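Everything below concerns the one structure shown next.
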Amino acid sequence: MPQAKALSPSNTLVRLRVQVLFGRGIDFEEDNIIRVIEMRAKQTLDKLHEAIFIAFDRFDYHFWDFYFGDDKPYSDKATIYGMSSDSFLGAKENAFDAKKTDLASLGLKPGDTFYYLLIPATTGGTALWLKASMVWLNVVAATRAS
């Protein structure tokens, strides 16, 4: 009997439910502005940022961060992954570079939630908080070329 293939970044898909929470003083949670995004677990958080940016029809340059490990956005207790651990995030001990962090390394399980912040690079733009929930993991069967 063949052994089941272990979960690994190269053979696992992750499905995330991403919802706009609030921005510009407006609470959007009841409006159910939601996108579902599927990615490979080997992809990095900066690639997730790009997917969210496209899924929500954003086009203007923004700073951005992901917040993990707390049940509310923008928490001092959260671990932060952003554009670069030494630029926008500053010298925080709990800040890491999203380009160096893949989804698999985060140990996410279905039901886990984290937050994503978009901050406009220009004045007059709208900062948005989004909540992402992991809803599904799937091991992709390896295929062989015949």
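I'd like the Karplus ³J(HN,Hα) series for segment 128-137: coefficients 6.51, -1.76, 1.60, θ = phi - 60°, whole numbers in Hz, and an x wherever there's a Gly or Pro.
10, 9, 10, 10, 10, 10, 6, 10, 6, 10
Multiply the residue separation of residue 133 and residue 50 by 0.36 nm, subtract the distance between their alpha-carbon atoms, and state the gained length in nm to one decimal.
28.2 nm
In vacuum, with every alpha carbon of segment 12-134 counted as one equal point scatterer, what does the Debye formula give for log10 I(q)/I(0) at q = 0.13, 0.15, 0.21 Å⁻¹? Two decimals, please.
These q points yield log10 I(q)/I(0) values of -0.48, -0.65, -1.37.
In which sequence would 13, 48 go, from the one with the fewest C-beta neighbours within 10 Å to the one with the most?
13, 48
Can you put 97, 65, 31, 57 in order of Cβ neighbours within 10 angstrom, beginning with the fewest?
Ordered from fewest to most neighbouring Cβ atoms within 10 Å, 97, 65, 31, 57 come out as 57, 31, 97, 65.
With a point put 7 Å past each Cα toward its Cβ, work out how far residue 58 is from residue 28 in nm, to one decimal.
With each label point 7 Å from Cα toward Cβ, the separation is 1.0 nm.
None of the figures in this text is laboratory data; all of them are computed from the coordinates on show. Computed from a prediction, not measured in an experiment: that's the story for all the values here. Positions of Cβ are generated from backbone atoms using ideal geometry, with glycine treated the same way; all protein chains shown enter the neighbour counts.
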